[in-house]
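S.K.: First the structure, which I've put down as structure tokens, then a few questions once you've had a look.
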Amino acid sequence: MVAKLLKGCHILIVEDDFYQAQDIRDTLQQAGVEIVGCRATVPDLDEILERSKIDIALLDINLGDTQSFDFARALDAKGIPCVFLTGYDVTVVPNDLNYAKFISKPAEASAVITALHQVHSEAPKASGGGGQQVKS
Amino acid sequence: MLTLANLRCCFTQQRGPGDCNDQISRMKDIHPHNAIVAALPQAACLLERVSAEGEGAKDWRYRANNTAMQEMLGVGDLTGQLLRDRFPDRADEWHDNLLRAAQAQRPVLLRPYTDQNGNVYEMTLSPVGGGDTQLVLALIHDVTEAERKRKERAQAEARFKTLFDAIDEGLCVVEIRFDEAGEAADYKFVDCNRAFEAQSGLADAKGRWMREFEPDLEPEWFAIYGEVAATGKPIRFELESQAMGRWFDVYAFSAGPVGSNLVAILFEDTSERKATENALRESESRLTSLINVSSDVVYQMSADWTELRELYGKGLLLPGADPTNWIDDHVPADDRPALEAAVAECLANNTPFDEEIRVNRADGTVGWLRSRAVPVLDDAGKVREWFGMATDITESKATEAELASGAEMLRVATEIGGVGVWDWDVVTEQIRWSDAHFELLGYEVNEIAASLSAFRDRVHKDDFEAVESALEHARETRQEYVCDFRVVHPGGEVHWISARGQYLYNADGKPVRMLGAMIDTTERRRQEEWQKLLVEELQHRVRNLISMIRGMARQSASTHRTLESYVDHLIGRLQAMGRTQAMLTRSPGANVDLSSIMREELLACAAPEKAYRIEGPPVQLSPQLAEVLTLAIHELATNSVKYGALGDKGYIKISWTIIAKESTNHLALRWQETGVSAVTKPSRVGFGRQLIEERIPYELQGTGSLTIHDTGVLAEMSFPLVDGSSVLETGIEGIERQRGNASLGASEEVR
């Protein structure tokens, strides 16, 4: 079992494939993650933030007929870090988003958790909610 | 007074002293006067005045005359006759002279007298005796011949003088001075004609010595004239005197007997002619050299071109057999008519002949000559002959043909290859473009004049700097110019151009010209980009598929009690996915027919046809819908075989309808089993239920439910019929659809 490294961490999953989404969700929940949402398409960010804060967004790049880059930018505007989990090569990530962590599919659960943990511990706690409007 | 001594003198002029003494001794015997007259060898007579007064005062009588006189005048003895009787016309004139002579007591010489026959006489009248005797001796000389000679001589001399001065050549008579050693040392100008000064440049030379004028005159001049004086042999020569700065054409001849040292020199200053001659000779020599080096054949044609008079072929052409049939000897048969026509035209207009003709060469091959000929005119302006020169251009002709062929090949190659070629004169800024070059820049061919600015106008503004610096770099480093840049066509269409070029430099190292070529690489770049994209996409799909199967395998795990069951089901699901893939591949880019999916899945689990019924309008499913639905039907059918209608004597009714909701069509599908005897209720949430109740809402934004009734399973699904792609698609079209409008990352812009 993976240690609950990500206990209490609020994570949003955007992955268009149901089975992969289920797989990741199960994996993260086992690591103690609070799943804020698990969506096949780009969700309404404000709607989610009304319910919960988001520590990290785990994004598939290809969402059927759209990509998640614009959503990543919107997240960045709110100060929310994102991690890409995708079958594409890292070169497809636009330059303005290359600060984001990148995980190649198919990924080991441990690789995903490690990456998310890294991002989570790097994120400055003070400003962690700076751009987020968390409503209780 | 005539004395014996005087007479003696007269005699001595004609005869020797012995004869004179003899005559005188004979005169003593007869009347002295008559005897003297008779003795005189020349014509003589003695006249005595008739009377000092009265009628005969102006008349004279012949006292004596000699036979010489009678013979001279053709008369008999005149003794005793009167002068006036004899010569009535001249009596008065002679009387005056006789009287003057008698009174003067000294001889009087009369002017020559010409008689009616043209004979000329000269008379000397001498008084004879003394006192008042008026006796005169007349000595008569027939000087007719002498006078004629004198006149002739005078005339000749006058003519000579006129001639002397009239001739244009310089003419002088010089007297040579020889030194003690017998060498001619100098000469003095005795006489010079009028032209002398102009021809010699020596003024007032008469009476002066040559060395006074030219102390440094070359010794050979003296030697030559000395030789003429010494031998009397004339000489003609042309010689330059550097001291005098002139060339002379000289004819020198003796002007007197040998020993007189007189030499006449007839000469002409030929400096100018000599200079002209030299110039002409040089010019001719140059012309000859030029003709020799510049032409391989030199020829002369008769005025009408019927005869080849001379032919210097330098071994290139063989001398022909028949000069009047030169055309057959030298020109291949096929070319003769054209050549004859060209010749005829030149003859008609007297214009120079200038043709490229084929000729039979000495080595047996046929070569090419560039032949030019001009008419040579005689003094009357008529064509005397034609002079021609020809150059062997066989090689250049061959090169020309090769070049033309090469140029044509290049043109064809560049046109077919769409290669734009430019030739830029860096100095004059003149530039030439091939047709393709215009087109590559989005111009119509020759729509505008090719120019550097016309090129710059079309270069994409973002690439302008790169192009300029690449040009500069190539120019400075002498390396090849290589540049890839975009051009914008008038419609805004962007094309990628790949250009390569090379500067050419003059001897001073200055760039004078630049040649280059360019091609449109837009399509190639698009293909490369597309290929890159395909690889990316393939990689993505493989990874995604593995990831998806892994997820599916994990989700399946919890629903099976035994490993065998798990493996069977997992393989069944993978096979269903395989069928979806096959179906999507069969009609790539197109949607999939719903009833086909149904039948195929039922067939896959060996469901008998009578055990089910399918009802519904034709519906086309997008790949994504097909993927999900195929797996859903697979689960339902598999479960039915295992637990339900297909495993029993039950019946399945599959039906669907289209429902319009909020401008989107929704598919409502229903799977209903009936007549199942014993329904086994699965205790846990199975894979199929999860698929229908969770996956459909998650992925397709639809609804799904699976319920187990007493009669069998009822599954209901509803979802919007929207476009969507599947990870199982392998056709290009799916990728295009998915990636076409919103391409990824680096492929946002072609670079």
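S.K.: Taking the highest mean first, how do the peptides B:704-714, B:169-179 order by number of other beta carbon atoms within 10 angstrom per residue?
M.R.: Listed from highest to lowest mean packing, they are B:169-179, B:704-714.
S.K.: Then there's this: Counting pairs of alpha carbon atoms under 8 Å apart in space and at least six apart in sequence, what relative contact order in percent does chain B give?
M.R.: 5
S.K.: Also, I was wondering about something else. Give me the accessible area of B:Lys314, 1.4 Å probe, in Å² rounded to the nearest 10.
M.R.: My reading of the accessible area for B:Lys314 is about 120 Å².
S.K.: Name all residues of segment B:349-387 having a backbone nitrogen under 11 Å from the label point set 7 Å from the Cα of B:Glu402 along its Cα→Cβ direction, giving them as ranges.
M.R.: In segment B:349-387, the label zone of B:Glu402 (backbone N under 11 Å from the point 7 Å along Cα→Cβ) covers no residue.
S.K.: With every protein chain left in place, what is the accessible area of A:His117 in Å² (1.4 Å probe, nearest 10)?
M.R.: So the heavy atoms of A:His117 present about 60 Å² to solvent.
S.K.: Roughly how crowded by other chains is peptide B:547-560, in terms of the mean Cβ count from those chains within 10 Å of each of its Cβ atoms?
M.R.: Mean partner-chain Cβ count within 10 Å for B:547-560: 5.
S.K.: Taking all protein chains as present, what is the carbon and sulfur share of the accessible area of chain B, in % to the nearest whole number, probe 1.4 Å?
M.R.: C and S fraction of accessible area: 51 percent.
S.K.: Put +1 on the Cβ of every Lys and Arg and -1 on every Asp and Glu Cβ in segment B:553-737; which of B:Gly647, B:Gly688, B:Met583 then has its Cα farthest towards the positive end of the dipole?
M.R.: Of B:Gly647, B:Gly688, B:Met583, it is B:Gly647.
S.K.: Taking only protein heavy atoms into account and a 1.4 Å probe, give the accessible area per residue of the protein assembly as shown in Å².
M.R.: That works out to 53 Å² for each residue.
S.K.: For segment B:263-294 and segment B:605-661, what is the separation of their C-alpha centers, rounded to whole Å?
M.R.: Segment B:263-294 and segment B:605-661 have Cα centres spaced 122 Å from each other.
S.K.: Between B:Ala338 and B:Ala454, what is the label-point separation in nm under the 7 Å Cα-to-beta-carbon projection?
M.R.: Between B:Ala454 and B:Ala338, the label points sit 3.6 nm apart.
S.K.: Using a 1.4 angstrom probe on protein heavy atoms only, which residues from segment A:94-110 are buried by at least 40 Å² of accessible area when all chains are present rather than their own chain alone?
M.R.: Buried by the other chains: A:Lys105, A:Pro106.
S.K.: Evaluate the charge dipole of segment B:167-275 about its Cα centre and quote only its size in Debye, nearest 20, assuming +1 on the Cβ of each Lys and Arg and -1 on the Cβ of each Asp and Glu.
M.R.: With only Lys, Arg, Asp and Glu charged at Cβ, the dipole is about 300 debye.
S.K.: What is the magnitude of the charge dipole of chain B about its Cα centre, with +1 placed on the Cβ of each Lys and Arg, -1 on the Cβ of each Asp and Glu, and no other charges, expressed in debye to the nearest 20?
M.R.: About 2440 debye.
S.K.: I'd like the accessible area for B:Arg281, computed on protein heavy atoms only with a 1.4 Å probe and all protein chains in place. Round to 10 Å², please.
M.R.: Surface open to solvent at B:Arg281 totals about 130 Å².
S.K.: While we're here: Under 5 Å between amide hydrogens, which residues at least 5 positions from B:Ala185 or on another chain qualify, with H placed 1.01 Å from N in the peptide plane?
M.R.: The answer is B:Arg177, B:Phe178, B:Asp179.
S.K.: Could you sort A:Cys38, A:Cys82 by accessible area so the largest value comes first, with the probe set to 1.4 Å?
M.R.: Result, largest first: A:Cys38, A:Cys82.
S.K.: Counting other Cβ atoms within 10 Å of each Cβ, which trypsin sites (Lys or Arg not before Pro) in segment A:1-105 have at most 11 and sit in a DSSP loop?
M.R.: A:Lys7
S.K.: Next up: Per residue, what volume in Å³ does the convex hull of the Cα atoms of segment B:53-161 enclose?
M.R.: 120
S.K.: Now a separate question. Collect residues whose amide H, placed 1.01 Å from N in the peptide plane, falls under 5 Å from the amide H of B:Glu385; neighbours closer than 5 in sequence don't count.
M.R.: HN-HN under 5 Å from B:Glu385: B:Val376.
S.K.: Oh, and also: Calculate how steeply helix B:336-349 sits against the longest principal axis of the alpha-carbon atoms of chain B, using the helix alpha-carbon long axis, and give the answer as 0 to 90 degrees to the nearest 10.
M.R.: 50
S.K.: Hey, how many Å between the Cα centroid of segment B:46-86 and the Cα centroid of segment B:380-394?
M.R.: Taking the Cα centre of each part, segment B:46-86 and segment B:380-394 sit 94 Å apart.
S.K.: Any idea what angle helix B:464-477 forms with the longest principal axis of chain B, computed on alpha-carbon atoms, 0 to 90 degrees, nearest 10?
M.R.: Here the helix axis deviates by roughly 50 degrees.
S.K.: Using 1/(1 + (r/R0)^6) with R0 = 45 angstrom and r between the beta carbons of B:Arg153 and B:Glu53, what's the FRET efficiency to the nearest 0.05?
M.R.: 0.40
S.K.: Nearest 10 degrees, 0 to 90: what angle lies between the long axis of helix B:4-14 and the longest principal axis of chain B (Cα atoms)?
M.R.: Between the helix axis and the principal axis of chain B, the angle is about 40 degrees.
S.K.: Starting from 0 in steps of 10 Å, tell me what percent of the Cα-Cα pairs of the protein assembly as shown lands in each bin.
M.R.: Per 10 Å bin, starting at zero, the Cα-Cα P(r) for the protein assembly as shown comes out as 2, 8, 9, 7, 8, 8, 6, 5, 5, 5, 5, 4, 4, 4, 4, 2, 2, 3, 4, 3, 2, 1, 0 percent.
S.K.: Let me ask another. To the nearest 20 Debye, how big is the dipole of segment A:1-107 about its Cα centre, given +1 on the beta carbon of each Lys and Arg and -1 on that of each Asp and Glu?
M.R.: I would put it at about 480 debye.
S.K.: Across bins of 20 angstrom width beginning at 0, how are the C-alpha pair distances of chain B distributed, in whole percent?
M.R.: 10, 14, 15, 13, 11, 9, 8, 7, 4, 5, 3, 0
S.K.: Restricting to DSSP loop positions (anything but H, G, I, E, B) with no more than 11 other Cβ atoms inside 10 Å of their own Cβ, which GluC sites (Glu not before Pro) remain in segment B:49-103?
M.R.: Answer in residue order: B:Glu53.
S.K.: Here is a further query. Counting only protein heavy atoms, probe 1.4 Å: which residues of segment A:1-42 lose 10 Å² or more of accessible surface in the full assembly compared with their chain by itself?
M.R.: SASA drop of 10 Å² or more in segment A:1-42: A:Asp16, A:Asp17, A:Phe18, A:Tyr19, A:Gln20, A:Gln22, A:Asp23, A:Asp26, A:Cys38, A:Ala40, A:Thr41.
S.K.: Determine the order of B:Val190, B:Val376, A:Val83 by accessible area, beginning with the largest, at a probe radius of 1.4 Å.
M.R.: B:Val190, B:Val376, A:Val83
S.K.: As an exercise, use a Förster radius of 56 Å and the Cβ-Cβ distance of B:Thr428 and A:Asp70 to find the FRET efficiency, rounded to the nearest 0.05.
M.R.: Step by step, r from the Cβ atoms, then E = 0.50.
S.K.: Quick one: of the DSSP bridges fully inside the protein assembly as shown, what percent are antiparallel, nearest 5?
M.R.: 85
S.K.: Please check: in the Gaussian network model of chain A (C-alpha springs, under 10 Å), which one of A:Val119, A:Val90, A:Val14 has the largest mean-square fluctuation.
M.R.: Largest GNM mean-square fluctuation: A:Val90.
S.K.: Once you have the Kirkwood Rh of segment B:609-707 from its Cα pairs, apply Stokes-Einstein at 25 °C and 0.890 mPa s and quote D in µm²/s.
M.R.: Answer, rounded: 169 µm²/s.
S.K.: How would you rank B:405-414, B:512-521, highest first, on the average number of other Cβ atoms within 10 Å across their residues?
M.R.: B:512-521, B:405-414
S.K.: For peptide B:698-710, what's the mean number of Cβ atoms from other chains within 10 Å of each residue's Cβ?
M.R.: Neighbouring Cβ atoms belonging to other protein chains average 2 per residue here.
S.K.: Using protein heavy atoms only (no ligands, DNA or RNA), what is the total accessible area buried between B and A, 1.4 Å probe, nearest 100 Å²?
M.R.: 2800
S.K.: Which one, A:Asp44, A:Asp60, A:Asp70, has the greatest fluctuation when you compute a Gaussian network model over chain A with C-alpha springs under 10 angstrom?
M.R.: Maximum fluctuation in the GNM of chain A, among the listed residues, is at A:Asp44.
S.K.: Moving to a separate point now. Taking chain A as a Gaussian network, Cα atoms linked when under 10 Å apart, which of A:Glu15, A:Glu47, A:Glu108 shows the biggest mean-square fluctuation?
M.R.: Among A:Glu15, A:Glu47, A:Glu108, the largest mean-square fluctuation in the Gaussian network model of chain A belongs to A:Glu47.
S.K.: To continue, here is another question. Would you rank B:Asp423, B:Asp648 by solvent-accessible area, highest first, keeping every protein chain in place and using a 1.4 Å probe?
M.R.: B:Asp648, B:Asp423
S.K.: Please name whichever of B:Ser595, B:Ile327, B:Ile235 sits farthest to the positive end of the charge dipole of the protein assembly as shown, dipole taken about the Cα centre and charges placed at Cβ: Lys and Arg +1, Asp and Glu -1.
M.R.: Looking along the dipole axis, the top candidate is B:Ser595.
S.K.: If you take the charge dipole of segment B:295-398 about its Cα centre, with +1 on Lys and Arg Cβ and -1 on Asp and Glu Cβ, which of B:Thr365, B:Val383, B:Ala398 is farthest toward its positive end?
M.R.: Of the candidates, B:Ala398 comes out farthest on the positive side.
The values are calculated or read from the model by the stated rules, or taken from the named source; none is laboratory data. Every value quoted in this text rests on a predicted model; they were computed, and no experiment measured them. Backbone-built Cβ (ideal geometry, glycine too); neighbour counts: all protein chains shown. With ligands, DNA and RNA removed, areas are computed over all heavy atoms of the protein, side chains included. Shrake-Rupley method; radii C 1.70, N 1.55, O 1.52, S 1.80 Å.
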